[in-house]
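A short reminder: the numbers here are calculations on the coordinates, not readings from a lab. Please read all numbers here as calculations on a predicted model, not as lab measurements. Positions of Cβ are generated from backbone atoms using ideal geometry, with glycine treated the same way; all protein chains shown enter the neighbour counts.
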Amino acid sequence: MTAPLDTVHLNLGARSYDILVGDGILSDAGSRIAAITRGRAPIVVTDANVGPRHLDTLNAALIEAGIAPAPAITVPAGEKTKDFGHFQTLLEEVLGRGIERSTVLLALGGGVVGDLCGFAAASLLRGIDFIQVPTTLLSQVDSSVGGKTGINSRHGKNLIGAFHQPRLVIADTATLDTLPKREVLAGYAEVVKYGLIRLPDFFTWLEGNGQRVVDGDSAARRHAVTVSCRAKADIVGVDERESGDRALLNLGHTFGHALEAATGFGQTLLHGEGVAIGMVLAFDLSVKLGLCPADDARRARAHLAAVGLPVRPTDIPGVAWNVDELIASMAKDKKVADGRITFILANGIGQAFTRRDVDADAVRAVLTEAVTA
Ligand SMILES: NC(=O)c1ccc[n+]([C@@H]2O[C@H](COP(=O)([O-])OP(=O)(O)OC[C@H]3O[C@@H](n4cnc5c(N)ncnc54)[C@H](O)[C@@H]3O)[C@@H](O)[C@H]2O)c1
Ligand SMILES: O=C(O)C(=O)C[C@@H](O)[C@H](O)[C@H](O)COP(=O)(O)O
Ligand SMILES: [Zn+2]
């Protein structure tokens, strides 16, 4: 039985690849994987939550394609795994398997596994192939696509990494059936991001149907993942290395990454939750600067809140936010140029743009209001 799938193509010349989206497609994916590994077993990297739930399906697909699976490498679950220590351990473990330049890594998991495994693939033997099998909503709509890989530093989020494109992405939306609700919501923030950046009609669709996506309705979920992947592929296809429009995908992230850093990259604030709050702050800043109608900011905030996402820092219990620290952290953002932070702002829903010279007093005022609200 072959499950129906949508194919999104990311066009990057010699580095082009397909993103396959569908409900239950992992079981049928063995031959697609075998075509890349040339019939050999990939080295699967997964985490302690995902392996027990989805490794059997992947291994059965490999066996059906005539591949005897190798034992998977399991890393601890969670954001703290995206650090130097776990990166080193992973590299040594993969090297211990006796790899060649034709060895293929396969990331089975969320954005943490994908970013870590992708960076390992970028580094080992100066670059080997890897395949993404994302198992969180966030990784299916965002992190598995586009080739940003890396780890965090004590100086900030994703400050060490490489652009390294996967050879194939297999987004089986059925894997989301085992994902905890809080993680589904965190991923949903990145779905909303595409609407807020440049797809106003998609945002309107989400206002009416987003709850179905969050609740795991199969058709709605597949539609949301496919539209998101198409939106990201369109942007990355013209600006792989973020010299222009790719920065729009960072809507909410300058604030969000600073909020994540302030909470120590753990369970207090998930990446997607930081992005939800950050997008609301970006819209608030746009309104304060007279660039965006207040009603558009209200709609963005209202929708994120309606599905159950945090929309202001004070929605996160038990954190004493420090505005100076947040601003210092934002100053280490990768989009800083000539000492000035680049913000992603919006003229309205679906009308995001980048702006370098943002009034520092306005940024401080927006943050101060948000942490005291
Ligand atoms: N490279 C990019 O372009 C990009 C884009 C967005 C986010 N990111 C990064 O992605 C990371 C966040 O990714 P994430 O939200 O997927 O987090 P994650 O990888 O930590 O996964 C979230 C949690 O869900 C568990 N999990 C994963 N799949 C599961 C499943 N199917 N069933 C049950 N549990 C499951 C994981 O073990 C983990 O505990 C952040 O580090 C962020 O910076 C990268
Ligand atoms: O792919 C991109 O480009 C993005 O910005 C997607 C973001 O959702 C993602 O969180 C990314 O990792 C952030 O990139 P960074 O360069 O700000 O670390
Ligand atoms: Zn993100």
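Determine by what factor the alpha-carbon radius of gyration of region 12-51 differs from 2.2 N^0.38 Å, reporting the quotient.
Working it through for region 12-51, the quotient is 1.40.
The P(r) of region 1-81 has a tail past 15 Å containing 64 percent of all C-alpha pairs. Taking every C-alpha pair closer than 8 Å and separated by at least 6 residues, the mean separation divided by the residue count of the chain gives a relative contact order of 15 percent. Globularity index of region 181-372 is 0.96 (Cα radius of gyration / 2.2 N^0.38 Å, N = number of residues). Taking every DSSP bridge with both residues inside the chain, close to 45 percent are antiparallel. Counted by neighbouring Cβ atoms within 10 Å, the residues Glu79, Glu183, Glu190, Glu273 run from fewest to most as Glu183, Glu79, Glu273, Glu190.
Calculated translational diffusion coefficient of region 112-196 (4 °C, 1.567 mPa s; Stokes-Einstein with Kirkwood radius over alpha-carbon pairs) equals 96 µm²/s. Kindly express, to the nearest 10 degrees and within the range 0 to 90, the angle between helix 271-288's C-alpha long axis and the longest C-alpha principal axis of the chain. Helix 271-288 sits at roughly 30 degrees to that axis.
One Cα centroid belongs to region 1-50, the other to region 302-373; the line between them spans 36 Å.
Which of the trypsin sites (Lys or Arg not before Pro) found in region 191-294 are loop residues per DSSP with 12 or fewer other Cβ atoms within 10 Å of their Cβ?
Arg241
Of the cross-linked pairs Lys181/Lys288; Lys157/Lys193; Lys148/Lys288; Lys193/Lys332, those separated by over 30 Å at the C-alpha level are Lys181/Lys288; Lys148/Lys288. If you fit an axis through the alpha-carbon atoms of helix 50-64 and take the longest principal axis of the Cα set of the chain, what angle between them do you get, 0 to 90°, nearest 10? Result, in degrees: 40.
Using only Cα atoms, figure out Rg for region 6-178 and give it as a multiple of 2.2 N^0.38 Å. Each step should come with its number before you reach the end.
Values: Rg = 14.5 Å, N = 173, 2.2 N^0.38 = 15.6 Å.
Against the compact-globule rule of thumb, the ratio is 0.93.
Diagonalising the gyration tensor over the Cα atoms of the chain and scaling each eigenvalue by 5 before taking the square root yields semi-axes of 34, 22, 18 Å, largest first.
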